[in-house]
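Asker: This is the structure I have questions about; it appears just below.
The values are calculated or read from the model by the stated rules, or taken from the named source; none is laboratory data. Treat the numbers as computed from the prediction; the structure is a model and nothing was measured. For the accessible areas, the whole protein counts, side chains as well, though only heavy atoms, and no ligand, DNA or RNA atoms are used. Shrake-Rupley method; radii C 1.70, N 1.55, O 1.52, S 1.80 Å.
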Amino acid sequence: MLQCLILELEMVFSWLNLLAKSGFCNITGIDYSPSAIQLSGSIIEKEGLSNIKLKVEDFLNLSTKLSGFHICIDKGTFDAISLNPDNAIEKRKQYVKSLSGVLNVKGFFLITSCNWTKEELLDEFSEGFELFEELPTPTFSFGGRSGNSVTALVFQKT
Ligand SMILES: C[S@@+](CC[C@H](N)C(=O)[O-])C[C@H]1O[C@@H](n2cnc3c(N)ncnc32)[C@H](O)[C@@H]1O
């Protein structure tokens, strides 16, 4: 059975539709904020959604054995961790370690970042991951140059 770990609960419902249509039925959402989990839990109940487990977990210090996932999706959590004023470099390294621990070999990691460019993310995840695909995101132009305000990449664990 395909397993998916979601690190971006507020977006979980759009991903859930997509994943459910693609055959995923074993989905786990985590956040270290109990109120984020509580809110998501009440929405899941209201919507009558099943096959999604919610857990309060610090991704940098996983308390239970979260592993064996085929896909991990993040929108904003790596960004939040990167902006932590307390030893962000070490925390980013720990994030990559945790990601490696939860994903199966050949598993996919989808990241959407408003903080990092494609090149920077390639560097952050260069150990143990390779770029599988870059997803299209809105572009803008300024001063004769164009760029993306958001980066969305799919990595595969090697
Ligand atoms: C910027 S918000 C992104 C929310 C949503 N995905 C979005 O795009 O609007 C970052 C989320 O990551 C969670 N978070 C930050 N550090 C975390 C950690 N170490 N472990 C688990 N969740 C964390 C925060 O509680 C917050 O809900």
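Asker: Relative contact order for the chain using alpha-carbon pairs under 8 Å, separation at least 6, rounded to a whole percent?
Answerer: It rounds to 20 percent for the chain.
Asker: Let a ≥ b ≥ c be the square roots of the eigenvalues of the Cα gyration tensor of the stretch 2-155; is it rounded (a/c under 1.5), or, if not, prolate (a/b larger than b/c) or oblate?
Answerer: Prolate shape, in that a/c is at least 1.5 and a/b is the bigger ratio.
Asker: What is the percent carbon and sulfur in the accessible area of the chain, measuring with a 1.4 Å probe over the protein chains and ignoring ligands?
Answerer: Here carbon and sulfur together make up 53 percent of the probe-accessible area.
Asker: Counting only pairs 8 or more residues apart or on different chains, how many lysine pairs in the chain have their Cα atoms under 16 Å apart?
Answerer: The number of close lysine pairs in the chain is 8.
Asker: Just to confirm, what accessible area per residue do you get for the chain at 1.4 Å probe, in whole Å²?
Answerer: 58
Asker: How would the stretch 34-97 be classified by its alpha-carbon gyration tensor: rounded, prolate or oblate, with rounded meaning a/c under 1.5 and the a/b versus b/c comparison settling the rest?
Answerer: Because a/c hits 1.5 or more and a/b exceeds b/c, the stretch 34-97 counts as prolate.
Asker: Sticking with this one: At 0.36 nm per residue, and after removing the present C-alpha to C-alpha distance, how many nm does the segment from Phe142 to Glu90 gain when stretched out fully?
Answerer: Stretched out fully, the Phe142 to Glu90 stretch lengthens by 15.3 nm.
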